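J.: Below you'll find the structure I mean.
The values are calculated or read from the model by the stated rules, or taken from the named source; none is laboratory data. Given the structure is predicted, the values throughout are model-derived calculations rather than measurements. So basically every Cβ, Gly included, is an ideal-geometry build from the backbone, and we count neighbours across all protein chains shown. The area values use the complete protein model at the heavy-atom level, side chains included, leaving out ligands, DNA and RNA. Shrake-Rupley method; radii C 1.70, N 1.55, O 1.52, S 1.80 Å.
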Amino acid sequence: MIILKNEKEIERMHEAGKLLASCHQKIAAMIKPGITTWEIEAFVEKFLKANGATPEQKGYQGYKYATCASVNDEICHGFPNKKPLKDGDIVTIDMVVNLDGALADSAWTYAVGTVSPEVERLLDVTKESLYKGIEQATIGNRLGDIGHAIQSYVEAAGFSVVRDFTGHGIGKTIHEDPAVLHYGKPGKGMRLKEGMVITIEPMVNIGSWHSKMDANGWTARTTDGKFSAQYEHTLAITKDGPRILTEQQ
């Protein structure tokens, strides 16, 4: 069931999104060789608490952490740990913020030190594909228009789009209908309506799009060991076009 949001609800989600975006900007300043994802996890916990918010994914379906911290070939849902990041790594930090009952969700991939030209291009293409998808998030368009815009751009650049994980609706809970695929055919799928709030979060791989699951039951990684990147925004479908609720200023 699709749950449409009114202007007041969207505004409250935007406030949560602003806080989340601010947290990401502070994380960006922390990223350097030698830092651990456990230090980032601790920072996020402290930052959200200081700003009257909570990490919504902590405890969600048994997940234990405030962040997902996915390094290199980890596609998503990596566990934060005490292993230092090294020069040339990439790390995706994904989090959901609950501010007075309103949720916002955003992931960002960070380069650690100096990455290879291929990896730098992966980051650029993945981020641009997110905005290509957002451009299609207008009233009357279909979910397939979003997926097609992302897939065609990514594949033209020589990379692949992960199929096994999707964007989603978001509201009072992290995951609502609909599923937002990052691949597809234009003109296909559900029609977008004013008041829908969704995440678009393409996961893009250097090699194959196929994934495998770690023994922990959460962390997905590439089957070929090549790097994967992800960028995600929460956005509302409005009469004035897509409104990004987690945009970093």
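J.: Translational D (Stokes-Einstein, µm²/s) of region 1-67 at 20 °C and 1.002 mPa s when Rh comes from the Kirkwood sum over C-alpha pairs?
T.: The estimated diffusion coefficient comes to 157 µm²/s.
J.: With every protein chain left in place, what is the accessible area per residue of the chain in square angstrom, probe 1.4 Å?
T.: Per residue, the chain has 43 Å² of solvent-accessible surface.
J.: Here's something else I'd like to know. Which of 68, 23, 76 moves the most in a Gaussian network model of the chain with Cα springs under 10 Å?
T.: Among 68, 23, 76, the largest GNM mean-square fluctuation belongs to 23.
J.: What list of whole percents do you get for P(r) of the chain, with Cα-Cα distances grouped in 5 Å bins up to the one holding the largest distance?
T.: 1, 7, 15, 19, 20, 18, 13, 6, 2, 0
J.: Of the accessible area of region 1-55, with the probe set at 1.4 angstrom, what percent is carbon plus sulfur?
T.: 58
J.: With a 1.4 Å probe and every protein chain kept in, tell me what percent of the accessible surface of region 109-231 is carbon plus sulfur.
T.: Answer for region 109-231 is 50 percent, counting heavy atoms of protein chains only.
J.: Using a 10 angstrom cutoff on alpha carbons, build the Gaussian network for the chain and name the most mobile of 179, 16, 29.
T.: Fluctuation is largest for 29.
J.: Still on this model: Between residue 7 and residue 185, how high is the FRET efficiency from 1/(1 + (r/R0)^6) when r is the Cβ-Cβ distance and R₀ = 35 Å? Nearest 0.05.
T.: Using R0 = 35 Å, I get an efficiency of 0.60.
J.: Where the only charges are on Cβ atoms (+1 Lys, Arg; -1 Asp, Glu), what is the dipole of the chain about its Cα centre, to the nearest 20 debye?
T.: Rounded to the nearest 20 debye, it is 240 debye.
J.: Tell me which trypsin sites (Lys or Arg not before Pro) from region 83-166 have a DSSP coil assignment and no more than 15 other beta carbons within 10 Å of their own.
T.: Within region 83-166, the qualifying trypsin sites (Lys or Arg not before Pro) (loop, at most 15 other Cβ atoms within 10 Å) are 86, 163.
J.: What spacing in nm lies between the two simple spin-label points modelled at residue 35 and residue 51, each 7 Å away from Cα in the Cβ direction?
T.: In this crude label model, residue 35 to residue 51 measures out at 1.5 nm.
J.: Could I ask something else about it? Using θ = phi - 60° and the Karplus form 6.51 cos²θ - 1.76 cosθ + 1.60, what ³J(HN,Hα) does each residue of region 186-192 get, whole Hz, x for Gly and Pro?
T.: Per-residue couplings from phi come out as x, x, 10, x, 4, 7, 7 Hz.
J.: Under a GNM of the chain (C-alpha, springs under 10 Å), which listed residue has the highest mean-square fluctuation: 202, 117, 84?
T.: In this elastic network of the chain, the residue with the biggest mean-square fluctuation among 202, 117, 84 is 117.
J.: Taking 0.36 nm per residue of sequence separation and subtracting the Cα-Cα distance, how much length would be gained by fully extending the chain between residue 152 and residue 139, in nm to one decimal?
T.: So the chain would gain 2.5 nm between residue 152 and residue 139.
J.: Hey, another quick one. For a paramagnetic label modelled at 7 Å from the Cα of residue 215 toward its Cβ, which residues of region 79-106 fall within the zone defined by backbone nitrogen distances under 20 Å?
T.: Residues 79-83 qualify, since their backbone N sits under 20 Å from the label point.
J.: Using DSSP H assignments, which helices in the chain have an axial alpha-carbon span of 24 Å or above and a mean Kyte-Doolittle hydropathy of -1.0 or higher?
T.: For the chain, where a helix must reach 24 Å along its axis and average at least -1.0, the hits are 7-30, 117-135.
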